[in-house]
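Report on the following structure.
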Amino acid sequence: MAPTKKSKKRNKDSKKLKKRKNLSVVPMEPRASDPDWWEIFWHKNCSLSGSPGGDDEAVGFKYFFRTSKKTFDYICSLVREDLISRPPSGLINIEGRLLSVEKQVAIAMRRLASGESQVSVGAAFGVGQSTVSQVTWRFVEALEQRAKHHLQWPSSSRLEEIKSHFEACFSLPNCCGAIDATHIIMTLPAVQTSDDWCDTNNNYSMFLQGIVDHQMRFLDIVTGWPGAMTTSRLLKCSQIFKLCDAGERLNGNVKKFSGGSEIREYLVGGVGYPLLPWLITPYESDNLSPLKFNFNAVQGAAKSLAVRAFSQLKGSWRILNKVMWRPDKRKLPSIILVCCLLQNIIIDNGDELQPDVALSGHHDLGYQEHCCKQLDPLGNNLRENLAKHLHQNKERVCSS
């Protein structure tokens, strides 16, 4: 006698029941599924770290993830909801356990910090390359949305604090920050290559422009533009340029000094930028007067904050300093933004930036800064007033 056939309905009901059973074992909060991730990771990798702390786990933690444990926990709190709201069934390690939020964040931050391949990062955590890829992008998407408040133009009171620090450190009144730009180098598939992305060093690259304060904290960034652009053109494509040009930013109180000179709010930048009413660049000449030479020295010291900020950024998050292998140009700006957010989060949480991981050389090594010849009369007048103010200050100090 042939076996009886099950009805289609019974088969469907059976499949639904099995599906419900499978779903019931997936925890809503995967945090407890892998609580000892750090102990396992540290035991496996501490001898390979080159960490200056040796067996000191706190130093080792900061070496691997660039943050203290306290700041790391804060970052986890920002992205936790996003990382547990999506089906986590595919995110498992080699023991078959679900990845906790903490381990997902650690994998992503290690990938960003080291710039190592997804295979190498996966091996350090006991996960596959595809898991590293998925986890990193989930983290980037989540932090980009949840940490926006860590990178925005400062309030009036905060801007006054920034200006006070610039004046105290460099004797530059009403200075609101320093601006610079850097190239993020990448390789592209042959079908995506074009002269727009091929820069002056024959690298395919994407530009990142940033404005920083006295703490090397990013106040504004723009990225996503091809590295073949000039710094001047990059500036003019940015929102900060449009806002300043329209008088909607850097429009605070004007400082008045003896002799009737006035100094408005402004930024300091390098010779690649145009001299504008709100952007002050150094004098360009082989034979400068003492007044102009003194101004260039002070302006250069203030502008070096931006240079150091980019060296810190690319040294801390080495994924930005290595040649990226065929990145998705639509996703790369988000990765760059998240690295800037992480630098700000470290500062905002009272954590110390690690000077030993900063790049030892210039952040844009090998690139020449092409001098921009654009000189706005109002910008030139402001630069003259600043130069005189600094010269008078220097004479007062010498005579006292």
Loop GluC sites (Glu not before Pro), segment 212-311, which have at most 14 other Cβ atoms in a 10 Å radius of their Cβ (DSSP): GLU248, GLU284
Relative contact order of the chain, defined on C-alpha pairs under 8 angstrom at six or more residues apart (%): 16
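Given only helices, namely DSSP H runs of n ≥ 4 each adding -39500 (n - 2.57), what is the per-residue ellipticity at 222 nm of the chain, to the nearest 500 deg cm²/dmol? Walk me through the numbers on the way to the answer.
Details: 13 runs with 187 residues, N = 400.
It comes out at -15000 deg cm²/dmol, rounded to the nearest 500.
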Acute angle (nearest 10 degrees) that the helix 156-170 long axis makes with the longest principal axis of the chain, alpha-carbon atoms: 60
Under the Debye formula (equal points on every Cα, no solvent term), log10 I(q)/I(0) of segment 142-183 at q = 0.34 Å⁻¹: -1.06
Cβ-Cβ FRET estimate between GLU81 and SER117, R0 fixed at 25 Å, reported to 0.05: 0.25
GNM result for the chain, Cα springs below 10 Å: residue of PRO154, PRO333, PRO189 fluctuating most strongly: PRO189
Alpha-carbon gyration tensor eigenvalues x 5, square-rooted, for segment 172-287, Å: 32, 15, 12
Total lysine pairs whose alpha carbons fall under 25 Å of each other in segment 225-364 (8 or more apart, or interchain): 19
Compactness of the chain, expressed as Rg and Dmax over alpha-carbon positions, Å: 26.0, 116
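Once the Cα gyration tensor of segment 251-400 is found, what semi-axes does its equivalent ellipsoid get, as square roots of 5 times the eigenvalues, in whole Å, sorted largest first? Kindly include the intermediate steps, with their values, before the conclusion.
Numbers: eigenvalues 239, 67, 54 Å².
After scaling each eigenvalue by five and taking roots: 35, 18, 16 Å.
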Among ASN296, ASN201, ASN344: highest mean-square fluctuation, GNM of the chain, C-alpha pairs under 10 Å: ASN201
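Using a 10 Å cut-off on Cβ atoms, rank the peptides 353-362, 237-246 from the highest mean neighbour count down.
Numbers: 353-362: 13.7, 237-246: 15.8.
Ranked from most to least packed, the peptides come out as 237-246, 353-362.
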Nearest-ten-degree value, helix 129-146 long axis tilted from longest Cα axis of the chain: 50
Label-point gap, in nm, between LYS148 and ASP36 - each point 7 angstrom along Cα→Cβ: 4.2
Choice from TRP278, TRP137, TRP325 showing the highest fluctuation, given a GNM over the chain with Cα pairs closer than 10 Å: TRP325
Probe 1.4 Å, accessible area per residue of segment 208-287, Å²: 40
Portion, in percent, of the accessible area of segment 59-181 that falls on carbon or sulfur, probe 1.4 Å: 51
Intensity falloff of segment 168-229 expressed as log10 I(q)/I(0), Debye formula with alpha-carbon point scatterers, at q = 0.14, 0.16, 0.17 Å⁻¹: -0.51, -0.60, -0.64
Kirkwood hydrodynamic radius over Cα pairs of segment 209-270, then Stokes diffusion coefficient at 20 °C and 1.002 mPa s, in µm²/s: 158
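The values are calculated or read from the model by the stated rules, or taken from the named source; none is laboratory data. Remember, it's a predicted structure, so these values are computed and weren't measured experimentally. We place every Cβ from the backbone using ideal geometry, glycine too, and count neighbours over all the protein chains shown. For the accessible areas, the whole protein counts, side chains as well, though only heavy atoms, and no ligand, DNA or RNA atoms are used. Shrake-Rupley method; radii C 1.70, N 1.55, O 1.52, S 1.80 Å.
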